[in-house]
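The values are calculated or read from the model by the stated rules, or taken from the named source; none is laboratory data. Since this is a predicted model, take the numbers as computed values, not measurements. Don't worry about glycine lacking a Cβ; one is built from the backbone with ideal geometry, like all the others, and counts go over all protein chains shown. All accessible areas refer to the heavy atoms of the entire protein, side chains included, with ligands and DNA or RNA removed. Shrake-Rupley method; radii C 1.70, N 1.55, O 1.52, S 1.80 Å.
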Amino acid sequence: MARIDQTPFEVQITDLTHDGRGVARRADGKAVFVAGALPGERVMASQTGRHRSFDEAKTVEVLDAAPERVTPRCPHFGTCSGCALQHYAEDKQILAKQRVLMENFERIGHVVPERLLEPLTDAAWGYRRKGRFSVRRVEKKDKTLVGFRETDPRFVADIRECHTVIPQISAVLPALQALVDGMQARREIPQIEFIAGDAQDDFSGIALTVRHLSPLSDADRDALVAFGQTHRFAIFLQPGGLDSVHALWPESPKLAFSLPQWNLEFLFRPLDFIQVNAGLNGKMIEHALDLLDPQPDERVLDLFAGLGNFTLPLARRVREVVGVEGEAGLVRRARENAAHNGIANADFHAADLAKDLSGEYWMKQGFDKLLLDPPRSGADVVLAQLPLKQFKRIVYVSCHPASLARDAGYLVNEKGWKLKAAGVMDMFPHTAHVESIALFER
């Protein structure tokens, strides 16, 4: 590999990449993606990577700042990879994400929505209620690090605070590092996950799940229990796969979040998928249901249903809703949540939605409308198998604009649907992550 020349060079930033880096061109026309730079800025940059069609660089000095540039709140910004856009004004971040969505529609799907929805936003700080910290023992520093990965993913960021996670987690980061550093198993703990429900002043409101590669000593277990008691966290251990997760303290913690608009309480396990931004999640569900316009006499299909985040609110509005999810554990808990909330008109099925579904009973049932919230890979496989003519309306919630654009192109250009409306939702402020929603009608 050729040696990278780190001599600073001057570039003019013309655009923003999907991952939040500035786009520039070298004198020879080669593209360079510059971390920490914003559109309209002139910066001095230092090369960090070289590829055939583009180079990578980081900002060394801002010569001409864009008016949208702000001072990052977090002292770890630029080193920690948890955020990419803290230097960009909050009201401009969401507009940049909207541009990413529209560019993907045009470039990948060859479609344009008839109407652009207003961006959906909520609190921009202290919103993240679920995440995973990496853990690494650094012998040279005689220190154990607990945090997100650095921008160079080989390393764990040495963070003392985080302004995007919920305050109860940010406040204990130094204590959490000290806890792990004092454990005998500190070299055998690769990660710690956190998740929070509503009751954050109770022992069961926030849970930490400690992944450990060897059995913990009694002293280490006692230290974890003491940490949980002091900070009012539930502590779970994970010695193996997902099925190995079990409570250390208290014996039977309750993890739950509510959706008061629909008089719902969701019970969940510490490694279950829940939307990370509680405030935005409630708004997103209302937004999706408004677009879907479910009626009391209708049957609705909800694909990639998870715990029933959309399914159970839908059940309050329609005759019947069927939720389909690939992970059997989530399906089991979705059924339990339906019973927990006294809902009898929601039916759940486990099925791999990326495989052949011709033998699935629910595929042969008739539905009026479709809601889907797929993973990053999108929903191309399942859309190709569904009898789409039965639906009057489709609402597609997406965590990846490229796969949404691809699937929108299929629905519009091959199946004759109309992309009536689309917009972005800021589920992850200060990151480059783009959450979006689209409405299709026949």
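Assorted remarks:
- Taken together, the residues in the range 109-132 that are open to solvent by less than 50 Å² (accessible area, probe 1.4 Å) and within 26 Å of V34 (Cα to Cα) amount to 1.
- Scan of the range 378-388 for residues that are farther than 25 Å from P313 by Cα and of a type outside the set (V, I, T), ordered by number: D380, A384, Q385
- The range 6-52, residues that are open to solvent by 80 Å² or more (accessible area, probe 1.4 Å), farther than 23 Å from A96 by Cβ and part of a loop (DSSP other than H, G, I, E, B): Q6, T7, A27, D28, R52
- Residue pairs whose Cβ atoms lie under 9 Å apart, sitting 6 or more positions apart in sequence or on different chains, and linking a residue in the range 328-342 that is in contact (Cβ under 8 Å) with a residue 24 or more places away in the chain to a partner that is open to solvent by 60 Å² or more (accessible area, probe 1.4 Å) and part of a helix (DSSP H, G or I), are G329/L242; G329/D243.
- Candidates in the range 336-355 are the residues that are in a loop (DSSP other than H, G, I, E, B) and among the charged types (D, E, K, R); of these, the one that is least open to solvent (accessible area, probe 1.4 Å) is D352.
- Of all residues in the range 172-203 being open to solvent by 50 Å² or more (accessible area, probe 1.4 Å) and at pLDDT 95 or above, the one that is farthest from W249 (Cα to Cα): R187
- Once the range 53-70 is narrowed to residues that are hydrophobic (A, V, I, L, M, F, W, C) and in a strand (DSSP E or B), the residue that is farthest from the chain's Cα centre (by Cα) is L63.
- Within the range 81-108, the set of residues being assigned to a helix (DSSP H, G or I) and either small (G, A, S) or open to solvent by less than 30 Å² (accessible area, probe 1.4 Å) (or both) comprises Q93, I94, A96, K97, V100, L101, N104, F105.
- Here the range 277-299 is the region considered, the condition is being hydrophobic (A, V, I, L, M, F, W, C) and within 21 Å of the chain's Cα centre (by Cα), and the residue that is nearest to A422 (Cα to Cα) is A288.
- Boolean, T71 is among the hydroxyl-bearing types (S, T, Y) and either touching a Phe, Trp or Tyr at 6+ places or on another chain (Cβ under 6 Å) or open to solvent by 70 Å² or more (accessible area, probe 1.4 Å) (or both): yes
- Selection within the range 71-80 - part of a loop (DSSP other than H, G, I, E, B) and either in contact with a strand residue (DSSP E or B) (Cβ under 8 Å, 6 or more places away or on another chain) or not basic (K, R) (or both): T71, P72, C74, P75, H76, G78, T79
- Looking only at the range 143-171, and only at residues there that are under 21 Å from H212 (Cβ atoms) and touching a residue at least 60 places away in the same chain (Cβ under 8 Å), the one that is least open to solvent (accessible area, probe 1.4 Å): G147
- Within the range 349-370, residues that are more than 25 Å from E336 (Cα to Cα) sit with their Cβ atoms under 6 Å from residues that are part of a loop (DSSP other than H, G, I, E, B), at 6+ positions apart or across chains, in these pairs: D368/E298; D368/K392.
- Verdict on P72 being within 21 Å of A432 (Cα to Cα) and free of Cβ contacts under 8 Å to residues at least 24 places away in the same chain: yes
- In the range 356-442, counting only strands (runs of 3 or more DSSP E) that sit wholly within it, the ones holding 1 or more residues that are crowded, with 22+ Cβ neighbours inside 10 Å and in contact with a Lys or Arg (Cβ under 6 Å, 6 or more places away or on another chain) span 369-372, 418-425, 435-441.
- Within the set E265, E320, the sole residue that is over 30 Å from A124 (Cβ atoms) and over 18 Å from the mean Cα position of the chain (by Cα) turns out to be E320.
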